[in-house]
Amino acid sequence: MTFSITELIERKRDGDALSADEISWIISEYTADRLPDYQMSALLMAIMFVGLDAGELDAWADAMLYSGDVLDFSHVAAPKVDKHSTGGVGDKVSIPLAPMVTACGVAIPMMSGRGLGHTGGTLDKLETIPGFRTALDPPEFTRLLESTGLVLAGQSETLVPADRRIYLLRDSSGTVPSIPLISSSIMSKKLAEGLDGLVLDVKVGSGAFMKNLDDAKVLAETMVGIGTARGTSVTAVLTDMSQPLGRAVGNANEMVESIEVLHGGGPADLVEVTYRLGEEMLLMGGITDERAEARRRLEAVVSSGAAFEKLVEVVEAQGGDPAVLHDPSLFPTAANEHVVTAGAPGFVAAADALDIGVGALRLGAGREAKSDVIDPGVGITVEVNVGDEVSAGDALARIAWNDDAALAATLPLVERAFSITDGPVSAPPMILGEVP
Ligand code: URA
């Protein structure tokens, strides 16, 4: 079947719904390089403004999902459950969470992304471990999942090729923040992993795609709907991203903080989100049907050292040198430190996630374009949370830097991220909701 792309763009622009055949044709033609970028961009912009109705969303998600391979791990006896975050600042949850959950009996074929813009990426953090390989071919990925129960890798080239092309185009055409496009992009990649269940961490606040709770709920409901309609259990937890998660924002420093959590320490907000998502994964995997028991099991694998040992095993299996895990002072660090201090006494009213995330990006911890190379040792340590009382001169953040120009670009952002008020401020809750 063939269609006129100009006519389809015009119909979408005017508010018409496209048929499943038309959507399937658009995605397969674009993926095969038979539609030009300018026409696909125009269609994506029409979708940004008009949206997709339920039938169109269904067709769009299916066309994306079946644009490449769909994995099948049914021969792996353990329940296969993954976790995905919609992205934030200081969000290193996957790194302690995945070994904790696998140590409790859940297999996790985790495919993560790289940082882009102000949001960090799990792969960049993991690659600060010397030798650690995240580019695995499908046979090796399967073999490692069978032997260790946990694989921490990049997205396979053969999974959802349509998303690779469309996401790049969205990034350069101002069409990323569309709920149907984000939901189908994320869910097609997760459903292609052959999962029994998926736990979504939908971030809400200045450092997230979704700046307010209402939009985040719609995104969560849309993603849960796409998964459950295709027979995969999906739960979404909505969590705060108005300030960075944990203290460390960067790459190597986020690994160090993740290891602290695996040893039973770490900042309270990071620990709260990690355990909450872990409980959801154990419940979804059928390891227990009691939330309190799920929590107890997660605590047990941390205090016995089994969760930390699982990370060591996975790092060795993927070619990494585990010496840094045993002695985190071996992770790369920056040559210099600049401390941002409070100018007056009071209470922290804001530690803005977006400003701190963009600050870390300018420092070299992230990438503006896909081809940028990150500096693994630079980063920001946020010393205070919203609600904390400070005295004049107290450290608000420590900037670990290597390059004068990068520090000069970062400093104003980190300074303006903090606001201090006279009266007490209550700390925002970390867990803001759940879907369903
Ligand atoms: N992450 C994705 O994978 N896709 C989107 O569209 C947005 C975030």
message = Being among the hydroxyl-bearing types (Ser, Thr, Tyr), touching a residue at least 60 places away in the same chain (Cβ under 8 Å) and within 13 Å of the ligand (Cβ to nearest atom): is that true of Ser156 here?
response = no
ask   = Under the condition of being open to solvent by 10 Å² or more (accessible area, probe 1.4 Å) and assigned to a loop (DSSP other than H, G, I, E, B), which residue from region 168-185 is nearest to the ligand (Cβ to nearest atom)?
value = Val176
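Would you mind finding the one in Val93, Val70, Val50 that is within 30 Å of Lys310 (Cα to Cα) and out of contact with any strand residue (DSSP E or B) (no Cβ under 7 Å at 6 or more places or on another chain)?
None of the other options fit; the residue is Val70.
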query = Is it the case that Gly113 is closer than 17 Å to Leu195 by Cα and in the same structural domain as Val312 (by TED's automatic domain parsing)?
reply = no
Matching strands (runs of 3 or more DSSP E) fully within region 282-383 where at least 2 residues are in contact with a helix residue (DSSP H, G or I) (Cβ under 9 Å, 6 or more places away or on another chain) and open to solvent by 30 Å² or more (accessible area, probe 1.4 Å) = 336-341
ask   = Scanning for something open to solvent by 10 Å² or more (accessible area, probe 1.4 Å) and either within 14 Å of the ligand (Cβ to nearest atom) or assigned to a helix (DSSP H, G or I) (or both), does region 230-252 turn up at least one residue?
value = no
query = Is one or more of the residues making up region 79-101 part of a loop (DSSP other than H, G, I, E, B), in contact (Cβ under 8 Å) with a residue 12 or more places away in the chain and open to solvent by 20 Å² or more (accessible area, probe 1.4 Å)?
reply = yes
key: Which listed residue, of Ala61, Ala32, Ala54, Ala20, is at pLDDT 95 or above and farther than 23 Å from Thr232 by Cβ   = Ala32
task = Just give me the residues in region 29-55 being in a helix (DSSP H, G or I) and either over 16 Å from Arg165 (Cβ atoms) or open to solvent by 60 Å² or more (accessible area, probe 1.4 Å) (or both), in sequence order.
result = Asp37, Tyr38, Met45, Ala46, Met48, Phe49, Val50, Ala54, Gly55
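The values are calculated or read from the model by the stated rules, or taken from the named source; none is laboratory data. Model, not experiment: these values are computed from the prediction. All Cβ positions, glycine included, derive from the backbone under ideal geometry; neighbour counts span all protein chains shown. Side chains included, ligands, DNA and RNA excluded: accessible areas come from the protein's heavy atoms. Shrake-Rupley method; radii C 1.70, N 1.55, O 1.52, S 1.80 Å.
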